[in-house]
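Worksheet: the structure to be examined is printed underneath.
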Amino acid sequence: MRASIALLLLLTAGCAGYDVPRPEDFERLKLGSTPTPPGSLRLRVHLSLDSRWLAGEFDGVVIGQSEPVPVARIQLFGDLGPKMIDVLARPELILGYFPQNREGIGAVLPDQATPHPLLFLGVTVLEDLARVGEERVLGIREEDDGWWLNLKPLVPGMRVELRRDANGRTLERRFKWMYGVGWTERWSSPQECRISASGVEIHVRLLESEPLDQPPSTAFKLTVPSDVRMSGARR
């Protein structure tokens, strides 16, 4: 009995304020009825960024893959066409740089998590691509207009909380790392969200979504130029 209690405490550690989900809860959540991203897709986006690293309005493309493991390539361009942001996001690594500023980040996760807009952007897109099945739901909290779900994170060492309305639409995500790094993603509509962190504001509008039979062969390969000043790994 003591061993069972200890195991229960371990499983529910870090889930304060959440209840362990029951089969009837999953029936009410209707996770299977929520639209999920296709296996591979291309998104055309408009992004407004305000940070000490870079600020401005950008158009760009996201190539994403949801299975077997979420991965994303994010490229954003300025008004006159130059590439301004290039990011490759995987659950174990966020690699990216600002081509015009010649500054970048290579964050091996979770050990090198650091407050940086490319990390916030990359991890958020990965979670947006990931499917939310019963196996990821560690805890639930019901509210008048929907649910908060405590999710098993894609990235180790992270806490991810998802707020959904009664119809299953995503309203908000909260991200926290054990290193004190945290941010939020709030959806005002299925086509528009805002990513907020200390010193960083990112406003994203989805302009177009296109499923792909398979991503381009070079989509998930990124080599950072040798003259870029990097924080973290260059791989």
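A short reminder: the numbers here are calculations on the coordinates, not readings from a lab. The shown structure was predicted, so the numbers you read here are calculated from the model rather than taken from an experiment. Cβ placement follows ideal geometry from the backbone for every residue including glycine, while neighbour counts extend to all protein chains displayed.
Numbers at a glance
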item	result
Folded to 0 to 90 degrees: helix 2-12 orientation relative to the chain principal axis, Cα	40
Phi-based couplings in Hz for the stretch 164-171 (Karplus 6.51, -1.76, 1.60; Gly and Pro marked x)	10, 7, 5, 8, x, 7, 6, 10
Inverse of mean 1/r across different Cα pairs in the stretch 109-182, Kirkwood, Å	12.9
Added length on full extension, which subtracts the Cα-Cα distance from 0.36 nm per residue, VAL69 to THR114	13.9 nm
Segment GLU208-LEU80, length gained on full extension (0.36 nm per residue, minus Cα span)	44.0 nm
Over the stretch 121-235: Rg over Rh, Cα atoms, Kirkwood Rh	1.00
Peptide ranges 45-55, 149-159, 85-95, 117-127 listed from the most packed, as the mean C-beta count within 10 angstrom indicates	117-127, 85-95, 149-159, 45-55
Separation of alpha-carbon centers, the stretch 165-214 and the stretch 112-163, rounded to whole Å	10
In nm, spacing of pseudo-spin labels at ARG229 and GLN100 (7 Å Cα→C-beta vector)	1.7
Volume of the Cα convex hull of the stretch 37-224, divided per residue and given in Å³	120
In degrees, nearest ten, helix 117-129 long axis to first principal axis of the chain (Cα)	50
